[in-house]
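To start, the structure under review is shown below, and the notes come after it.
The values are calculated or read from the model by the stated rules, or taken from the named source; none is laboratory data. Note that the coordinates shown come from a computational prediction; the quantities given were computed from them, not determined experimentally. Cβ coordinates were reconstructed from backbone atoms using ideal geometry, including for glycine residues, and neighbour counts include every protein chain displayed. For accessibility, only protein heavy atoms count, side chains too; no ligands or nucleic acids. Shrake-Rupley method; radii C 1.70, N 1.55, O 1.52, S 1.80 Å.
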Amino acid sequence: MLLPLVGRNIAYDLVGPENGPVVAFSHSLAADLGMWAEQVPAVLGQGYRALRIDMRGHGGSEAAAGDYTLHDLAGDIVAVLDALQIPRVHFLGLSIGGMIGEALAIRHPSRVTSLFLCESPPASLVNAKAIWAPRMNAARAAYSLEPITEATMERWLTPAFKARNPIRWRQIRDTVAATTVEGYCGCVAALSHFDFTHELPKLAVPALVLYGEDDKASSHEETQRLAALIPGGRFMGFANARHLPNVEEPDRFNRILLDWLARVAA
């Protein structure tokens, strides 16, 4: 489905029982809402509604011109919630999706029932420019993410996953390659220039922070620091997974997710 905004559309998908509590999913950079395909049946089976939203310039959502901020991207989430008349959500975000969740809870606390944040720091990594400048330059030069797709997949998923799930691996790989350069670079700007370390200790929302222990695309220390900064925040390591633990080991990830939602409800 599409939500028309001024000059662009936001793509989203909402399924599940109309009166069920809503779990909102926010994907990583260069992915789309399909990244959460393994989680949707699990939450539906427990009576939740699943709301998946494509970031601007990703999947079916159109890019906006220029650089973005995390508050811009959180504003897109709020626009969808308003349009669907959804007052509050359990929020699940991975990588930049988790950073968007931080911004959402800071700027719009009444819209967030709980946070489940994966592979996300509380502030831009100190070496953000060194990490992202070569990737953006390569994408802009080719006007495509194709030149950086294979390296991205290497960071995201283990060779063992590729061997046992070649079709799913190819789906994700092709989504990375098809992401717009404008959306990719605009979102890189958002994750490269933020610091929520002063605002996070003021949050009053249940938060679980998870980290794939084999992830080289983000920082174990910074992800753990995120949990420490949120009052009552819990940190959990997830063994034998890289940047996409929800795809790498979906059954184990889904048990953690459903246990978390049940704990919050209790």
TODO: Specify which labelled value, from (i) 114; (ii) 188; (iii) 143, agrees with volume of the Cα convex hull per residue in Å³ derived from the coordinates of the model shown.
DONE: (i)
- [ ] May I ask for the longest run of the chain untouched by GluC sites (Glu not before Pro) that are loop-located per DSSP and have at most 13 neighbouring C-beta atoms (other than their own) within 10 Å?
- [x] 19-212
- [ ] Normalising by the residue count of the chain, find the relative contact order in percent from Cα pairs under 8 Å and 6+ residues apart.
- [x] 21
TODO: Would you mind calculating the gained length between Val6 and Asp259 on full extension (0.36 nm times residue separation, minus the Cα-Cα distance), in nm to one decimal?
DONE: 87.1 nm
Task: Inter-site label distance for Ala142 and Glu18 at 7 Å from Cα along Cβ, in nm - done: 4.7
Task: Residues of type lysines that Lys162 reaches as a straight line, Cα spacing below 24 Å, ignoring anything fewer than 8 places off in the same chain - done: Lys216
TODO: With a Förster radius of 22 Å, plug the Cβ-Cβ distance of His220 and Ser192 into 1/(1 + (r/R0)^6) and report the FRET value to the nearest 0.05.
DONE: 0.65
Task: Solvent-accessible area per residue, Å², over the stretch 123-266 with all protein chains present [probe radius 1.4 Å] - done: 48
- [ ] Can you send over the carbon and sulfur percentage of the accessible area for the stretch 1-146, probe radius 1.4 Å, protein chains only?
- [x] 55
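Give the accessible surface of the stretch 4-92 per residue, rounded to a whole number of Å², with probe radius 1.4 Å and ligands, DNA and RNA excluded.
Computed with neighbouring chains in place, this is 37 Å² per residue.
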Task: Gaussian network model of the chain, Cα within-10 Å springs - most flexible of Ser28, Ser95, Ser124 - done: Ser124
Open item on the list: Helix check for the chain. Which DSSP H runs span at least 20 Å along their own axis by Cα, with a mean Kyte-Doolittle hydropathy no less than 1.0?
Closed with: 70-84
Open item on the list: Report the Cα centroid-to-centroid distance between the stretch 165-186 and the stretch 49-65 in angstrom, as an integer.
Closed with: 13
Task: the stretch 63-85 residues near the modelled Lys129 label - backbone nitrogen below 18 Å, point 7 Å along Cα→Cβ - done: 67-68
TODO: Would you please classify the overall shape of the stretch 207-266 from the alpha carbon gyration tensor, given that a ≥ b ≥ c denote the square roots of the eigenvalues, rounded means a/c under 1.5, and beyond that prolate means a/b larger than b/c while oblate covers the rest?
DONE: oblate
Task: Calculated FRET efficiency for the pair Arg234/Val78, C-beta based, R₀ 30 Å, to 0.05 - done: 0.70
TODO: Could you tell me which of rounded, prolate or oblate describes the stretch 119-235, using a ≥ b ≥ c as the square roots of the eigenvalues of the alpha-carbon gyration tensor, with rounded for a/c under 1.5 and, failing that, prolate when a/b is larger than b/c and oblate otherwise?
DONE: oblate
Open item on the list: I'd like the antiparallel share, as a percent to the nearest 5, of DSSP beta bridges with both residues in the chain.
Closed with: 25
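Top to bottom by accessible area (1.4 Å), largest first, where do Asp67, Asp13 land?
Listed by decreasing accessible area, they come as Asp67, Asp13.
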TODO: Using only alpha carbon pairs under 8 Å that are at least six residues apart, calculate the relative contact order of the stretch 160-266 and give it in whole percent.
DONE: 22
TODO: For the stretch 25-90, just say rounded, prolate or oblate: build the C-alpha gyration tensor, square-root its eigenvalues into a ≥ b ≥ c, call rounded for a/c under 1.5, and beyond that prolate if a/b exceeds b/c, oblate if not.
DONE: oblate
Open item on the list: Out of the total accessible area of the stretch 171-266 (probe 1.4 Å, heavy atoms of protein only), what percent is carbon and sulfur?
Closed with: 49
Open item on the list: Can you tell me which aspartates and glutamates have their Cα less than 13 Å from the Cα of Lys129? Leave out same-chain residues fewer than eight positions away.
Closed with: none
Open item on the list: Probe radius 1.4 Å, ligands and nucleic acids left out: which of Arg234, Arg111 has the largest accessible area, and how do the rest follow?
Closed with: Arg234, Arg111
Open item on the list: With +1 assigned to the C-beta of every Lys and Arg and -1 to the C-beta of every Asp and Glu, and no other charges, what is the dipole magnitude of the stretch 11-132 about the Cα centre in debye, to the nearest 20?
Closed with: 280
TODO: Could you calculate the contour length gain from Arg164 to Ala266, that is, 0.36 nm times the residue separation minus the distance between their Cα atoms, to one decimal place in nm?
DONE: 33.0 nm
